[in-house]
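Q: Pasting in a structure now, in structure tokens, and then I'll have a few things to ask.
Computed from the coordinates by the stated procedures, all read-outs in this text should not be read as laboratory data. On a predicted model such as this, the values are computed, not experimentally measured, just so you know. Using ideal geometry, Cβ is built from the backbone for each residue, glycine included, and neighbour counts are taken over all protein chains shown.
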Amino acid sequence: MSLKDSLLQGVSRLSNELVPAAVRTAGAKVEEFRQRLDHLNRTLAERALPGDRKGRVSELSLQRKARDAGQQESTLKVVDGERKHKRTR
């Protein structure tokens, strides 16, 4: 086997096996990192908002969503209470 054939075989293996595997692994790590940042962001936002303002912020958010959905007047109301199930995306 010549040096040229050996190099071509090595490059072929690299491009066919190792690069796609590395890209998949990097993609998985990026997604994991994004999820961690999202969790951190939510945690910091939760801590930054005083408890007495949370209800008002929720109400404003519901009004904005209703307006964006095309409702003329929002009659949505925030109901205090804990969620029974954690919401996942």
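Q: So, R0 is 41 Å and r is the distance between the beta-carbons of Ala26 and Ser6; what FRET efficiency does that work out to, to 0.05?
A: Values: r = 28 Å, r/R0 = 0.68.
With a Förster radius of 41 Å, E is 0.90.
Q: Could I have the simple spin-label model distance between Lys65 and Arg36, label points 7 Å from Cα toward Cβ, reported in nm to one decimal?
A: Simple spin-label model gives 3.0 nm for this pair.
Q: If you don't mind, another one. Would you work out if the range 17-60 is rounded, prolate or oblate? Take a ≥ b ≥ c from the square roots of the eigenvalues of the alpha-carbon gyration tensor; rounded if a/c is under 1.5, else prolate when a/b is larger than b/c, oblate otherwise. Mind showing how you got there, number by number?
A: Values: a/c = 9.90, a/b = 4.31, b/c = 2.30.
Taking the square roots of the gyration eigenvalues as a ≥ b ≥ c, the range 17-60 is prolate.
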